[in-house]
């Protein structure tokens, strides 16, 4: 099945929109092929500001209707407890908000950007989507991540080469309580590294230490800026270390 066929069969849909590669391409297809689509972005403490800015910019580029929903995800104890299946509870909360907003707007179908490359066996959040009857057209149409990037490039979407991004909560070790302070510190640290030119990286929390996970290609950049990085990050962390096991991809 092609995406055009999917939207001919489902001409009205609400789209859960993160501003990332997959949901951006899904929204592009919805605007092009559906009779009516609307995007919903749920803003929580788990998303950095640049994700919201990308979502707003992409919606403007496409001329798509976008609603930003603010949600206090830190008010959910099962999420902040940070169990191994935290994503399941988080998706329940986020998509519950989207489903309510979409229903008020007259939509009976909610879509998300899960693609054919995503491993369902390793994603507890996908179980929540199935239970909530959220459909994933990119996955249903067999579109992989690499195909979506290429089609996004052809469509002129600025998100086509955007690095994959997992929410800020993933930087905190499983079982360690998630707090606003830890999330803000992580966002600050990653924004600083991004300003130096790093791409597709993570700053994970290891006690009071910042653990950097970088691409191998960015190690020369790390070497050039080592003193600056250590000096800046030690404003909020007690130490800074490099994870030598993660070099080829995050």
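The values are calculated or read from the model by the stated rules, or taken from the named source; none is laboratory data. Keep in mind that what you see is a predicted model, and the values were worked out from it rather than measured. All Cβ positions, even for glycine, are placed from backbone atoms using ideal geometry, and neighbour counts span all protein chains on display.
Out of everything in region 164-183 that is modelled with pLDDT of 95 or more and out of contact with any helix residue (DSSP H, G or I) (no Cβ under 9 Å at 6 or more places or on another chain), what residue ends up being surrounded by the most Cβ atoms within 10 Å (Cβ to Cβ)? It comes out as 173. Kindly indicate whether any position in region 96-109 is under 15 Å from the mean Cα position of the chain (by Cα) and at pLDDT 95 or above. No.
Table: residues versus (1) in contact (Cβ under 8 Å) with a residue 60 or more places away in the chain; (2) within 20 Å of residue 140 (Cβ to Cβ).
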{"site": "3", "(1), (2)": "yes, yes"}
{"site": "26", "(1), (2)": "yes, yes"}
{"site": "30", "(1), (2)": "yes, yes"}
{"site": "42", "(1), (2)": "no, no"}
{"site": "49", "(1), (2)": "yes, no"}
{"site": "54", "(1), (2)": "yes, no"}
{"site": "59", "(1), (2)": "no, no"}
{"site": "65", "(1), (2)": "no, no"}
{"site": "72", "(1), (2)": "no, no"}
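If you go through region 83-122 and pick out every residue that is over 14 Å from residue 18 (Cβ atoms) and in contact with a helix residue (DSSP H, G or I) (Cβ under 7 Å, 6 or more places away or on another chain), you end up with 9. Name the single residue, out of those in region 210-241 being surrounded by 15 or more Cβ atoms within 10 Å (Cβ to Cβ) and part of a strand (DSSP E or B), that is farthest from the chain's Cα centre (by Cα). In this case the residue turns out to be 240. Where helices (runs of 4 or more DSSP H) fall wholly inside region 98-185, the ranges with 1 or more residues that are farther than 24 Å from residue 69 by Cα and out of contact with any strand residue (DSSP E or B) (no Cβ under 6 Å at 6 or more places or on another chain) are 137-140, 145-155.
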